[in-house]
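Q: Shown below is the structure under consideration.
All of the numbers you see were taken from the coordinates with simple rules; none came from a lab. Keep in mind the model is a prediction, meaning the values are calculated, not measured. Cβ placement follows ideal geometry from the backbone for every residue including glycine, while neighbour counts extend to all protein chains displayed.
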Amino acid sequence: MKTNDFNTWKRQIFSQLNKVQEKIGEADFKRLNLDIICRALNKVTPFVNEDDQIDVLKRLVDRSISLIPNNTSTLTKTNLKPYYKSIRTLKSYLKRNYRLVPVGYHSIIWTIIGIGFGIPYSFFITSLLGIFIGLGIGLGIGTYFDKKAEKENKSY
């Protein structure tokens, strides 16, 4: 797919998502994570060349948008479960092929790792201090990697 075709398709996707945003409001649009596609497409645009992978991206995004219910007046997280499942595949595709991660990705991963190391240490010293130490170290490392990804323009 050529760059012009990609940009035309991207404008169509943005217009579809803008219609949903106008119906439910900007705050709910972000709260329900419907803005992920917009942010991801803006980050992928510089990487678009004559690439076969763009067709896969196009299919994933089109499938995700088709899973947003037409009755947008009563959108809830339970109504959007199929959408969230399709977004998971889109996120993993972006991570695998473009090395793009969502904002806060590294903080979550490293916090879990830090707590995982803190629990045995906490058990060993019979105090909750180990959990908090692991939490602090994990959060610090995760924040560092999130800032690094943002500097390298690799987070959406």
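Q: As I understand it, the dipole of segment 99-154 uses +1 on the Cβ of Lys and Arg and -1 on the Cβ of Asp and Glu, about the Cα centre. Which of ILE113, GLY138, ASN153 lies farthest toward its positive end?
A: ASN153
Q: Subtract the Cα-Cα distance of ILE119 and THR143 from 0.36 nm times their separation in residues, and report this length gain in nm to one decimal. The partial results should precede the final answer.
A: On the way: separation 24, 0.36 × 24 = 8.64 nm, distance 2.09 nm.
Additional length available on full extension: 6.6 nm.
Q: How much length is gained on full extension from ASP55 to ASN97, taking 0.36 nm per residue of separation minus their Cα-Cα distance? Don't skip to the end; give the middle numbers.
A: Working: separation 42, 0.36 × 42 = 15.12 nm, distance 1.27 nm.
Additional length available on full extension: 13.8 nm.
Q: Using the Cα centre as the reference, give the magnitude of the dipole from point charges on the C-beta atoms of the chain (Lys, Arg: +1; Asp, Glu: -1; all else neutral), rounded to the nearest 20 debye.
A: The dipole of the chain has a size of about 160 debye.
Q: What's the FRET efficiency of THR78 with GLU22 using the Cβ-Cβ distance as r and R₀ = 30 Å, to the nearest 0.05?
A: 0.85
Q: Let me ask another. Using the basic label-point model (7 angstrom from Cα toward the beta carbon), what is the SER15 to SER127 distance in nanometres?
A: Spacing of the two 7 Å Cα→Cβ label points: 6.4 nm.
Q: For the chain, what does -39500 (n - 2.57) per DSSP helix run (n ≥ 4), summed and divided by total residues, give at 222 nm, in deg cm²/dmol to the nearest 500? Display every interim value, and only then the final one.
A: Details: 7 runs with 113 residues, N = 156.
Value at 222 nm, helices only: -24000 deg cm²/dmol.
Q: First check a/c for segment 71-127, with a ≥ b ≥ c the square roots of the eigenvalues of its C-alpha gyration tensor; if it is under 1.5, answer rounded, and if not, answer prolate when a/b is larger than b/c or oblate otherwise.
A: Oblate is the answer for segment 71-127, as a/c is 1.5 or above yet b/c matches or exceeds a/b.
Q: Same structure, new question: Projected onto the charge dipole of segment 1-138 (+1 at Lys/Arg Cβ, -1 at Asp/Glu Cβ, origin at the Cα centre), which of VAL103, ILE54, LEU34 gives the Cα projection farthest towards the positive end?
A: Of the listed residues, the answer is LEU34.
Q: Label ASP35 and GLU152 with points 7 Å out from Cα along Cα→Cβ: what is the distance between them in nm?
A: Modelled inter-label distance: 2.5 nm.
Q: Right, another one. How would segment 1-49 be classified by its alpha-carbon gyration tensor: rounded, prolate or oblate, with rounded meaning a/c under 1.5 and the a/b versus b/c comparison settling the rest?
A: Judged from the Cα gyration tensor, segment 1-49 comes out oblate (a/c at least 1.5, b/c at or above a/b).
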